[in-house]
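Each value in this text was obtained by applying a stated rule to the coordinates, not by laboratory testing. Bear in mind that the values here come from a model prediction, so they are computed numbers and not experimental data. Neighbour counts run over all protein chains shown; Cβ positions are idealised from the backbone, glycine included.
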Amino acid sequence: MKKLQLTPIQRKSENTISLINIVFLMLIFFLIAGQLAPPMDSEVDLIDSTETDPVPPPDALVAREDGSLHYRGNPITVEAYLANAPGSDASETSGETSQGSTPSNIPVRLVADKDMAAKTLVDIVGQLQSAGAGKVTVVTMRSQ
């Protein structure tokens, strides 16, 4: 029986030094490039907008403290809002979908009164989702 001599498999060593050099050069580049931007004029004071009144989104559904829903100042129901909601196919046609049902997966922006009970807000969101609304976003005001 003849034995074959096996040569050990040589693995090619990974050279990470070149990768480290590239990352280091990129770091130096961004440090220098960040300092090349001209500084803002020191004589200019930026406008402060903390004193302005917040403007709600124009197509948002408004929930008042008592739980009543309003759209553009008029009282409305969940079903009527979803049937004529901006972005729905029904709002561009006669007010009904082609199947005669409420449109589904319509994103809703909800502006809620801060004095509204949390249970009432959760109930309104539940009504919207069960009626076919998609993502319901509650619009809030950023605190100063």
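Grab the other residues whose beta carbon is less than 13 angstrom from that of GLY73, score K and R as +1, D and E as -1, and report the net. Don't jump to the answer; show the numbers that get you there.
Working: positive: ARG64, ARG72; negative: ASP59.
For residues surrounding GLY73, the net value is +1.
Give the peptides 124-136, 21-33 in descending order of average Cβ contacts within 10 Å, highest first.
Details: 124-136: 16.2, 21-33: 9.8.
Descending packing order for the listed peptides: 124-136, 21-33.
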Any residue on another chain or 5+ positions along whose placed amide H is under 5 Å from the amide H of VAL111 is listed here as LEU61, VAL62, ALA63, VAL139
Backbone HN-Hα couplings from phi across segment 7-24 [Karplus 6.51/-1.76/1.60, Hz, Gly and Pro as x]:
8, x, 6, 9, 8, 6, 6, 7, 9, 8, 5, 5, 5, 5, 5, 5, 4, 4
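Full extension from SER130 to GLU65: what is 0.36 nm times the residue separation minus their Cα-Cα distance, to one decimal in nm?
On the way: separation 65, 0.36 × 65 = 23.40 nm, distance 2.16 nm.
Extra length from SER130 to GLU65 when fully extended: 21.2 nm.
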